[in-house]
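The values are calculated or read from the model by the stated rules, or taken from the named source; none is laboratory data. Keep in mind that what you see is a predicted model, and the values were worked out from it rather than measured. Virtual Cβ from ideal backbone geometry, glycine too; neighbours counted across all protein chains shown.
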Ligand SMILES: Cc1ncc(COP(=O)(O)O)c(C=O)c1O
């Protein structure tokens, strides 16, 4: 939809949102009318360099031509039919995902939090059926983030933050240990623990990559104790971190991995992949979804994965991530630059507010997000080049200088 076709002004649109929508978002004060590749355009045609990419979604670029074509073709052919008949896009996508990331089986959902719900349910059912009714406990990381539905929210080890406050009580059966602290994770496990669940890079928690020792240690500890390693790759999955999946950076494999965001190239889709043995915990009737594995989203995902793989965008993420992070270290007031591939966080000292930096950058037509008081996060499309990184760097630098 274009504004000109509606006979309305940009202000009319903002007024309608403010009047009718239940607002849980702090909106950027501009109207996103169109988008292409690494840019979003407002109703005046003004260009914004998009370094949040729909929060790590538009990895092969916004409105990628091949993804758009796949969506249009599938929408004209078969829009929706529930999960009773076999469908072509599901079959092709299931094979493509499993063979690309080396997992046995896939279960489709719609979003990241739903994928994590399925992952938690599958792990519990596996534990209870294999070991008995008390084997349901899951250890997750403090400052992790797994989503906003009850299982995922309860797995999110940030009891004090906006995600859980006011929604208690949380779902029973989780405990939390400090991220990257292998001993603390081992100590938090009991005879009732069936799984450890972590993000390979904590995104919402401030962009903290797992250490090799931590990831390898968790894998070995789970193997030694008949426990499952559950990885939440909703944000890190599909080439963002320099490998197809972040776990490939560590030379390990999970028992179940969740994914969403970039998988659909802008269409909503989530999924879990599991080993053959663990996947058997789900059988006919034990889980289900009306829209999960939607034909249009599956067709989009097939095209997106082809784009990511054919254009070697994991390699580009690794290359551009290294280049950009080196530059970012030279920003004024920087305390630390952290990241993996093109999932990047910049932590400033106490004198610089991340929300102020975000607004200054918006004013200069760069889009990024703020985490906490002093961290900015960038998850640009994986198609960016050095020129885009240079432009973003200059805008952030000018923004921080304007605030000093
Ligand atoms: C690591 C992680 N898990 C889960 C989620 C939830 O995904 P969704 O918003 O699609 O439910 C997010 C979203 O930011 C995420 O970053």
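Just wondering, is there one or more residues in the stretch 7-25 that are touching a helix residue (DSSP H, G or I) at 6+ places or on another chain (Cβ under 8 Å), closer than 24 Å to residue 382 by Cβ and assigned to a loop (DSSP other than H, G, I, E, B)?
Within the stretch 7-25, none of the residues are touching a helix residue (DSSP H, G or I) at 6+ places or on another chain (Cβ under 8 Å), closer than 24 Å to residue 382 by Cβ and assigned to a loop (DSSP other than H, G, I, E, B).
Here is a yes/no grid of residues against (1) within 24 Å of residue 306 (Cα to Cα); (2) buried (at least 20 other Cβ atoms within 10 Å of the Cβ); (3) touching a strand residue (DSSP E or B) at 6+ places or on another chain (Cβ under 7 Å):
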| residue | (1), (2), (3) |
| --- | --- |
| 256 | yes, yes, yes |
| 261 | yes, yes, no |
| 267 | yes, yes, no |
| 277 | no, no, no |
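Give just the number: which of (1) touching a residue at least 60 places away in the same chain (Cβ under 8 Å); (2) touching a helix residue (DSSP H, G or I) at 6+ places or on another chain (Cβ under 9 Å) does residue 68 not satisfy?
Condition (1) is where residue 68 drops out.
Can residue 204 be described as part of a helix (DSSP H, G or I) and either touching a residue at least 40 places away in the same chain (Cβ under 8 Å) or in the same structural domain as residue 268 (by TED's automatic domain parsing) (or both)?
no
What number of residues within the stretch 362-404 satisfy the criterion of being in a loop (DSSP other than H, G, I, E, B), touching a residue at least 40 places away in the same chain (Cβ under 8 Å) and within 24 Å of residue 204 (Cα to Cα)?
Final tally of qualifying residues: 9.
Tally time: how many residues in the stretch 42-66 are under 18 Å from residue 297 (Cβ atoms) and not in a loop (DSSP other than H, G, I, E, B)?
Selection size over the stretch 42-66: 7.
With the condition kept exactly as written, say whether any residue in the stretch 277-295 is within 16 Å of the ligand (Cβ to nearest atom) and over 28 Å from residue 129 (Cβ atoms).
Yes, because at least one residue in the stretch 277-295 is within 16 Å of the ligand (Cβ to nearest atom) and over 28 Å from residue 129 (Cβ atoms).
One line per residue, one yes/no per condition, for (1) within 21 Å of the chain's Cα centre (by Cα); (2) more than 14 Å from residue 139 (Cα to Cα):
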{"position": "196", "(1), (2)": "yes, no"}
{"position": "199", "(1), (2)": "yes, no"}
{"position": "202", "(1), (2)": "yes, yes"}
{"position": "218", "(1), (2)": "no, no"}
{"position": "221", "(1), (2)": "no, no"}
{"position": "227", "(1), (2)": "no, no"}
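Any residue in the stretch 68-82 that is surrounded by fewer than 16 Cβ atoms within 10 Å (Cβ to Cβ) and at pLDDT below 95?
yes
Would you check which residues across the stretch 103-150 are more than 14 Å from the ligand (Cβ to nearest atom) and either outside the structural domain of residue 278 (by TED's automatic domain parsing) or over 15 Å from residue 278 (Cα atoms) (or both) and list them?
Of everything in the stretch 103-150, those that are more than 14 Å from the ligand (Cβ to nearest atom) and either outside the structural domain of residue 278 (by TED's automatic domain parsing) or over 15 Å from residue 278 (Cα atoms) (or both) turn out to be 132, 133, 134, 137, 138, 139, 142.
Please tell me if residue 227 is within 12 Å of the ligand (Cβ to nearest atom) and either crowded, with 24+ Cβ neighbours inside 10 Å or within 18 Å of residue 119 (Cα to Cα) (or both).
no
Residues 156, 171: which one is without any contact (Cβ under 8 Å) to a residue 24 or more places away in the chain, buried (at least 21 other Cβ atoms within 10 Å of the Cβ) and under 24 Å from residue 291 (Cβ atoms)?
156
Kindly provide the set of residues from the stretch 267-279 that are in contact with a helix residue (DSSP H, G or I) (Cβ under 8 Å, 6 or more places away or on another chain) and more than 15 Å from residue 245 (Cβ to Cβ), ordered by number.
267, 268, 269, 278, 279
For the structure I just gave you, tell me whether residue 322 is in the same structural domain as residue 158 (by TED's automatic domain parsing) and part of a helix (DSSP H, G or I).
It is false that residue 322 is in the same structural domain as residue 158 (by TED's automatic domain parsing) and part of a helix (DSSP H, G or I).
So which of 326, 336 ends up being more than 18 Å from residue 370 (Cβ to Cβ) and either out of contact with any helix residue (DSSP H, G or I) (no Cβ under 7 Å at 6 or more places or on another chain) or surrounded by fewer than 20 Cβ atoms within 10 Å (Cβ to Cβ) (or both)?
326
Does at least one position in the stretch 76-94 carry a residue that is in contact with a helix residue (DSSP H, G or I) (Cβ under 6 Å, 6 or more places away or on another chain), within 30 Å of residue 222 (Cα to Cα) and in the same structural domain as residue 267 (by TED's automatic domain parsing)?
Yes: one or more hits.
When you look at residue 158, is it in contact with a helix residue (DSSP H, G or I) (Cβ under 6 Å, 6 or more places away or on another chain) and within 16 Å of the ligand (Cβ to nearest atom), yes or no?
no
Taking residue 34, is it surrounded by fewer than 18 Cβ atoms within 10 Å (Cβ to Cβ), touching a strand residue (DSSP E or B) at 6+ places or on another chain (Cβ under 6 Å), closer than 30 Å to residue 376 by Cα and free of Cβ contacts under 8 Å to residues at least 40 places away in the same chain?
yes
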